[in-house]
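Chemist: Sharing a structure with you now.
The values are calculated or read from the model by the stated rules, or taken from the named source; none is laboratory data. In this text, all values refer to a predicted model and were calculated from it rather than measured experimentally. Note that each Cβ is placed from the backbone with ideal geometry, even for glycine, and that neighbours are counted across all protein chains shown. In case anyone asks, the SASA skips ligands and DNA or RNA and just uses the protein heavy atoms, side chains included. Shrake-Rupley method; radii C 1.70, N 1.55, O 1.52, S 1.80 Å.
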Amino acid sequence: MRFQLVFPRGLEDVVKSELEEKISFKIVVEENPQGIPGRLIIDIPESDSPKLMSLRSIDWFLEYVGAFKVDTSIRGLEDIYSGIMNMKFPNGFRKASSFRVTCKRRGEHEFTSMDVQRKAGQALVDKYGLKVDLENFQANVFLDIVGDTCFVGLSGSEHLSGRYIVFTHPAALRPSVAYGMVRIADPKPGMTLLDPMCGGGIIPIEAALSTNSVKIYGFDISEYYLEGAALNAEAMGVSDRIVFKRVDCRRLSKELGFKVDRIVTDPPYGTKPIAKINPRAFYSRCLPEIRRTLSEDGRLVLITIKPGYVREISSEIGLRLEHERTIRHGDASPSIMVLKPS
Ligand SMILES: C[S@@+](CC[C@H](N)C(=O)[O-])C[C@H]1O[C@@H](n2cnc3c(N)ncnc32)[C@H](O)[C@@H]1O
């Protein structure tokens, strides 16, 4: 079966290595299909398809049917109609007694997602004579529109990012990104991993779900967020793997009293209402504390929209930049940076 995986742009290597680990080698058919990053098309045996639900590096997936170009003006609705009319849907779909259309859209368009759903629905009614049923549908047709490209698929997953969030932090990291950061940090059994600004606990939880025998800590200055993090950890059945504690990261080394092997964190950007901070001043306080807390062969993985400040401060405090990449997270393009004691 052919699937399209959707994940944060910039984490392609993470997705591919998780696929190799959990499904099999040589299944990627196309990377950046139609030139759109953050997507992979893969072929896997039908019997392996339930395994897709266990992938932590992706946001969602759909059973791939095809793709076509759409005009971003109002004329694009005619492209939707003709694109769907010309597309060959699998036999299973044609036999369904009812269907609905769901559209996810990214980019500027002169039409809405509702317009697209109506137009595509009309094409499917005209082509196959199927009945639309928004509540009790047998088949769900997904249209994933990115700029002038329309990917078409069937059912697939709901947004996997939301699969366990009981408590949502106002500046929550997507679990797929948190997973990617943990994977980049590469903690080994017997190591310690700390997120000193864990908010709703997404990084420690992804670490607990994807490692064995790693001692995991999640700290934050806010008792309220820590309570939310504990609820999320409980919902995922990893409460006993994580120690949550209220700690001000500007006093981290004194409060902790021992060194850790991996620090994986998402410091406040200074752009959200929860964190009216000056990021440069804040980083000048917390990065030296992180440096003091990191073991000499340790590794820091952080995500920030202010990589320049991190580079500047790190070089002054004996942290060497080993790797940096830009990813896509919502509407932002933060950097994931890997630093080591120098
Ligand atoms: C960007 S948020 C982290 C969100 C988290 N990654 C999630 O997905 O839920 C940054 C966090 O840093 C915390 N924070 C701000 N100042 C802090 C400090 N001095 N010490 C520890 N945590 C702090 C905030 O309370 C906030 O939860």
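Chemist: Could you work out how far the C-alpha centroid of segment 96-118 sits from that of segment 284-342, in angstrom?
Modeler: That distance is 40 Å.
Chemist: Can you work out D for segment 2-162 in µm² s⁻¹ from Stokes-Einstein, where Rh is the Kirkwood radius over C-alpha pairs, the temperature is 4 °C and the viscosity is 1.567 mPa s?
Modeler: 80 µm²/s
Chemist: Between segment 1-54 and segment 199-250, what is the separation of their alpha carbon centroids in Å?
Modeler: Value for the Cα centre distance between the two parts: 29 Å.
Chemist: Once you mark the GluC sites (Glu not before Pro) that are in a DSSP loop and have at most 12 other Cβ atoms within 10 Å, what is the longest gap between them in the chain?
Modeler: Looking at the chain, 159-342 is the longest stretch - no exposed GluC sites (Glu not before Pro) with at most 12 other Cβ atoms within 10 Å.
Chemist: Related question: Using just the alpha carbons, could you tell me how many Å³ per residue the convex hull of the chain encloses?
Modeler: Once divided by residue count, the hull of the chain is 145 Å³.
Chemist: Moving on. Can you give me the % of accessible surface on segment 164-341 that is carbon or sulfur? Probe 1.4 Å, all protein chains present, nothing else counted.
Modeler: Carbon and sulfur together cover 49 percent of it.
Chemist: Show Arg174, Arg94 ordered by accessible area, largest first, where the area counts protein heavy atoms only and the probe is 1.4 Å.
Modeler: Arg94, Arg174
Chemist: Calculated from DSSP H runs of 4 or more alone, at -39500 (n - 2.57) each and per residue, what is the 222 nm mean residue ellipticity of the chain, nearest 500?
Modeler: That comes out to -9000 deg cm²/dmol.
Chemist: State the percentage of accessible surface on segment 2-162 attributable to carbon and sulfur atoms; use a 1.4 Å probe and exclude ligands, DNA and RNA.
Modeler: Carbon and sulfur: 48 percent of the exposed surface of segment 2-162.
Chemist: Could you sort out which of Lys188/Lys306; Lys22/Lys95; Lys215/Lys306; Lys16/Lys51; Lys26/Lys188; Lys306/Lys340 sit more than 20 Å apart by Cα distance in this structure?
Modeler: Cα-Cα > 20 Å for Lys188/Lys306; Lys22/Lys95; Lys215/Lys306; Lys26/Lys188; rest within.
Chemist: Which value, in Å², gives the accessible area per residue of the chain when a 1.4 Å probe is used on the protein heavy atoms?
Modeler: 44 Å²
Chemist: So for the chain: antiparallel DSSP bridges make up what percent, rounded to the nearest 5?
Modeler: 60 percent
Chemist: Restricting to Cα pairs below 8 Å that are 6+ residues apart, what does the relative contact order work out to for the chain? Please round to a whole percent.
Modeler: Averaging sequence separation for qualifying contacts and normalising by length gives 13 percent for the chain.
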